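First comes the structure, then the notes that go with it.
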Amino acid sequence: MLAKVFSGAVYGVDAYSVEIEVNAGHGEPKTIVVGLPDAAVKESSDRVWTALLNSGFAPPMGRTTINLAPADIKKEGPSFDLPIALGMLAAQGDLDANALAEYAVIGELALSGQVRRIKGVLPIALHVATTNCRGLIVPAENAEEAAVIHKLPVYPVDSLRSAADFIAGTYTIEPLRMDLDHVFDQRDHYEEDFSDVKGQEYAKRAIEVAVAGGHNILAIGPPGSGKTMLAKRVASILPPMSLDEALEVTKIHSISGSLAAHQALMVHRPYRSPHHTISDAGLLGGGSHPAPGEVSLAHRGVLFLDELPEFHRNVLEVMRQPLEDGKVTIARAAQTVTFPSQFMLVAAMNPCPCGYFGDKQNECRCTPLQIQRYHNKISGPLLDRIDIHLEVPSVRYQDLANAARGESSAIIRERIMAARQIQQKRFRGKRGVHCNADMRPRQLQEEIRMENDAQQILKMAITELNFSARAYDRILKVARTIADLDNGAETIRSEHISEAIQYRTLDRQMWQ
């Protein structure tokens, strides 16, 4: 007898339908899986056979053929265990094949018959919601993740027996509903807050400017100056995620398997901090079955690279495309996958190998050649994509001993959101431009208006401080953001340009 079960699989960040055909016939007891299965899918026949036996069902005694359609796309992972098991029961006549065909089913089986959680449930749920399926049967630990799609009935199951009884109509499972308002109530609560930072008012101001305009930032300072502490709090002042952004971010983390059990959505912007020993595939993504890397896991959030010169040169260079295009394309012989990667880069480095060049409290032991070699580890093209270079000095004792708390992240975030609203209005209808950092040369000409004093200061910076041509555009973009924070000033004034010039530390003569 032939039975059909509908399921789904992930390709990139999206999903597609998989039709599982199970034919139980006579002959030698054997199970054959076809349709380009990988090793995990091929092994499912052994897991399913044992799970059926331990769940009180009679496993197939004849030749069973399982086809995964479409047959020209490679199927990966153990998520087809549960639909294959239910398909076997229907093929043997133990389940109503017509009733089973009304649902989409995903889930991994343990040998005991328990249903285990899988990766990529959210993109599959989004896809199933566009089909004519009556509902989606998922592992209980993944149910909240799938239930954020309100128009799709989601039925959580914890065992093969409960799934089979539900299809047979002898066991009732109520579809799970999620209260998204309650989920999003948690998005403004961060463990890390800027009120914990002692002193460093100049650094906090620079970070506020960077976040307000979507600018990448590089913090330079001696060990212990608070660079990492500041970076950990950047995500807390980013504007709250919308539902669409939360779905984008959750899809990526669902595919990577980094969502916790029973987690519905990621409502906090991601903060990723990979170690400097990471490979280019780990940062960009890849593998025989392409998986998202750190630049994609940081989508809509913050990617923090501590000790930037310690990263391998080839690892830093692969970031140039995602920084420029906001996406990563990974090509393999059998497939090409694109992952989104729109993130804010926050990097940190010491001013020299020993860490104390320019520090007033400790003497630097490095030679000028050592310092130059250290800075040369960061290429010009990568540095070109970082708008703000921030000097973070050592914290003074007076600041450490001060019991007063600084501004909270919530107060800073309010100013940033006001500046972002100005930018959204300015760039409405302009494709690919959402904030000041995204401006192209045409937008710079259209949107930048400066007073005469500001023009003179910028001219002096370019000629006397030996700023490069690439620094010119960066200064204008940052100055435009500073003006937006200044009650939305339409014209860039001298104080705006002067502050923007201060954020180009690595372009100054003293570093060359």
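Tell me which residues, restricted to the range 138-147, are open to solvent by 10 Å² or more (accessible area, probe 1.4 Å) and either part of a loop (DSSP other than H, G, I, E, B) or in contact with an Asp or Glu (Cβ under 8 Å, 6 or more places away or on another chain) (or both). Listed by number, the list holds a single entry, Ala140. Annotation: of all residues in the range 15-43 being closer than 18 Å to Cys133 by Cα and under 28 Å from the mean Cα position of the chain (by Cα), the one that is most open to solvent (accessible area, probe 1.4 Å) is Ser17. Residues in the range 394-440 that are of a type in the set (Ser, Thr, Tyr) and either surrounded by fewer than 15 Cβ atoms within 10 Å (Cβ to Cβ) or touching a helix residue (DSSP H, G or I) at 6+ places or on another chain (Cβ under 6 Å) (or both): Tyr397, Ser408, Ser409. Can you go through Lys251, Lys227 and tell me which one is at pLDDT 90 or above, over 16 Å from Leu305 (Cα atoms) and open to solvent by 10 Å² or more (accessible area, probe 1.4 Å)? None of the others qualify; the one that does is Lys251. When restricted to residues that are open to solvent by less than 20 Å² (accessible area, probe 1.4 Å) and either part of a helix (DSSP H, G or I) or at pLDDT below 90 (or both), the range 230-240 contains 5.
Of everything in the range 443-454 that is under 17 Å from Lys477 (Cβ atoms) and free of Cβ contacts under 8 Å to residues at least 12 places away in the same chain, the residue that is least open to solvent (accessible area, probe 1.4 Å) is Glu446.
Go over the candidates Gly224, Gly257, Gly282 one by one and state the one that is over 23 Å from Gly199 (Cβ atoms) and either more than 13 Å from the chain's Cα centre (by Cα) or basic (Lys, Arg) (or both). Steps first, please.
Values: Gly224 fails: over 23 Å from Gly199 (Cβ atoms); Gly257 fails: either more than 13 Å from the chain's Cα centre (by Cα) or basic (Lys, Arg) (or both).
Of the residues listed, the single one that is over 23 Å from Gly199 (Cβ atoms) and either more than 13 Å from the chain's Cα centre (by Cα) or basic (Lys, Arg) (or both) is Gly282.
Taken together, the residues in the range 241-264 that are in contact (Cβ under 8 Å) with a residue 40 or more places away in the chain and assigned to a loop (DSSP other than H, G, I, E, B) amount to 7. Considering only the range 369-383, I want to know if a residue exists there that is within 30 Å of Pro239 (Cβ to Cβ) and open to solvent by 30 Å² or more (accessible area, probe 1.4 Å). Yes, that holds for at least one residue.
Tell me whether the range 47-59 contains one or more residues that are within 35 Å of the chain's Cα centre (by Cα) and of a type in the set (S, T, N, Q). No: the range 47-59 contains no residue that is within 35 Å of the chain's Cα centre (by Cα) and of a type in the set (S, T, N, Q).
Any chance the range 117-131 includes a residue that's part of a strand (DSSP E or B) and farther than 21 Å from Leu259 by Cβ?
As a first pass, look at the range 117-131 and keep what is part of a strand (DSSP E or B): none.
Checking the range 117-131: not a single residue is part of a strand (DSSP E or B) and farther than 21 Å from Leu259 by Cβ.
When Ile20 is tested against the conditions (1) in a helix (DSSP H, G or I); (2) modelled with pLDDT of 90 or more, the lone failure is (1).
Quick check on this structure: which one of Glu141, Glu201, Glu191, Glu145 is under 29 Å from the mean Cα position of the chain (by Cα) and under 30 Å from Ala348 (Cα atoms)? Give the steps one after another, and end with the answer.
Details: Glu141 fails: under 30 Å from Ala348 (Cα atoms); Glu201 fails: under 29 Å from the mean Cα position of the chain (by Cα); Glu145 fails: under 30 Å from Ala348 (Cα atoms).
Exactly one residue qualifies, and that residue is Glu191.
Is one or more of the residues making up the range 196-204 among the β-branched types (Val, Ile, Thr), over 13 Å from Val392 (Cβ atoms) and not in a helix (DSSP H, G or I)? No - not one qualifying residue is present in the range 196-204. Condition check for Asp165 on (1) crowded, with 17+ Cβ neighbours inside 10 Å; (2) part of a helix (DSSP H, G or I): one failure, at (1). When Ser7 is tested against (1) part of a helix (DSSP H, G or I); (2) in contact (Cβ under 8 Å) with a residue 12 or more places away in the chain, exactly one condition is not met: (1). Consider only pairs whose beta carbons are under 6 Å apart and that are at least six residues apart or on different chains; among these, list those whose first residue lies in the range 483-505 and is within 16 Å of Leu444 (Cβ to Cβ) and whose second residue is open to solvent by less than 10 Å² (accessible area, probe 1.4 Å) and assigned to a strand (DSSP E or B). Filtered contacts from the range 483-505: Ala483/Ile492. Residues that are surrounded by fewer than 18 Cβ atoms within 10 Å (Cβ to Cβ) and touching a residue at least 60 places away in the same chain (Cβ under 8 Å) within the range 168-182 comprise Ala168, Gly169, Leu180, listed in sequence order.
State yes or no: is Ile217 in contact with a strand residue (DSSP E or B) (Cβ under 8 Å, 6 or more places away or on another chain), open to solvent by less than 10 Å² (accessible area, probe 1.4 Å), under 26 Å from Asn436 (Cα atoms) and in contact (Cβ under 8 Å) with a residue 40 or more places away in the chain?
Working: in contact with a strand residue (DSSP E or B) (Cβ under 8 Å, 6 or more places away or on another chain): yes; open to solvent by less than 10 Å² (accessible area, probe 1.4 Å): yes; under 26 Å from Asn436 (Cα atoms): yes; in contact (Cβ under 8 Å) with a residue 40 or more places away in the chain: yes.
Against the criterion (in contact with a strand residue (DSSP E or B) (Cβ under 8 Å, 6 or more places away or on another chain), open to solvent by less than 10 Å² (accessible area, probe 1.4 Å), under 26 Å from Asn436 (Cα atoms) and in contact (Cβ under 8 Å) with a residue 40 or more places away in the chain), Ile217 qualifies.
Scanning the range 47-68 for residues that are modelled with pLDDT of 85 or more and farther than 12 Å from Ala85 by Cβ yields a total of 6. Arg300 passes every criterion in (1) touching a residue at least 60 places away in the same chain (Cβ under 8 Å); (2) basic (Lys, Arg); (3) closer than 30 Å to Ser236 by Cα apart from (1).
Using beta carbons and a limit of 7 Å, which pairs, at least six apart or on different chains, have the first residue in the range 347-358 and in contact (Cβ under 8 Å) with a residue 40 or more places away in the chain and the second one of a type in the set (Lys, Arg)? Sorted first by the residue in the range 347-358, then by its partner, the pairs are Ala348/Lys227.
The values are calculated or read from the model by the stated rules, or taken from the named source; none is laboratory data. All values reported here derive from a predicted model rather than from experimental measurement. As a convention, Cβ positions derive from the backbone with ideal geometry for all residues, glycine included, and neighbour counts pool all protein chains shown. SASA here: full protein model, heavy atoms, side chains in, ligands and nucleic acids out. Shrake-Rupley method; radii C 1.70, N 1.55, O 1.52, S 1.80 Å.
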